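Following: one structure in structure tokens, then a few remarks.
The values are calculated or read from the model by the stated rules, or taken from the named source; none is laboratory data. A quick note: this is a predicted structure, and the numbers were derived from the prediction, not measured. For neighbour counting, all protein chains shown are included, and Cβ atoms are generated from backbone atoms with ideal geometry for every residue, glycine included. Just so you know, the surface numbers come from the protein's heavy atoms only, side chains and all, with ligands and any DNA or RNA stripped out. Shrake-Rupley method; radii C 1.70, N 1.55, O 1.52, S 1.80 Å.
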Amino acid sequence: CTDVTGFGFLGHLYEMVVHSGVGAVVFTENLTFLPGARKYAEMGLFPAVTYENVDYASACVSFSPDVDEATRMLLFDPQTSGGLLIAVEERKAPSLLERLRKGGVHWAFEAGKITSGSSIEVLRRE
């Protein structure tokens, strides 16, 4: 579990998978961004550290062609609202999500899955 502030979602996921010797797949349709974030992303308004996060983790990240540029950059954006990135066994995910929601965490969702390998693949499934 890690707080995604600073290195953004993908920077923290990068840290988790690289140091664990695994890879990951992220499903963008499951992600929720703060209100207004997409509007500013589409205008290209990001703090400088966003680009540092891109430089830091992008060598291990690949995006499917249908993931738009705003979403790509938002995943590197350091400006979060204290969100947590939690990795659990796949069979335990539904129970964790249910418990979080019952505890008042309304923005809990399954962002993707851990895979074999050593890279992060960002996909959009529909």
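A few comments on the model shown:
- Top-ranked residue in the range 71-95 [being out of contact with any Phe, Trp or Tyr (no Cβ under 8 Å at 6 or more places or on another chain) and outside any helix (DSSP H, G or I); ranked as surrounded by the most Cβ atoms within 10 Å (Cβ to Cβ)]: Ala87
- Matching residues, the range 17-54, being in contact (Cβ under 8 Å) with a residue 60 or more places away in the chain and among the aliphatic types (A, V, I, L, M): Val17, Val18, Val22, Ala24, Val25, Val26, Leu31
- The single condition among (1) open to solvent by less than 60 Å² (accessible area, probe 1.4 Å); (2) more than 13 Å from Phe9 (Cα to Cα); (3) touching a residue at least 12 places away in the same chain (Cβ under 8 Å); (4) in a helix (DSSP H, G or I) that Leu100 does not satisfy is (3).
- From the options Arg91, Arg125, residue that is at pLDDT below 95 and over 16 Å from Val4 (Cα atoms): Arg125
- The criterion of at least 1 residues that are open to solvent by less than 50 Å² (accessible area, probe 1.4 Å), β-branched (Val, Ile, Thr) and closer than 24 Å to Ile86 by Cβ is met by the following helices (runs of 4 or more DSSP H) wholly inside the range 1-65: 8-20, 48-57.
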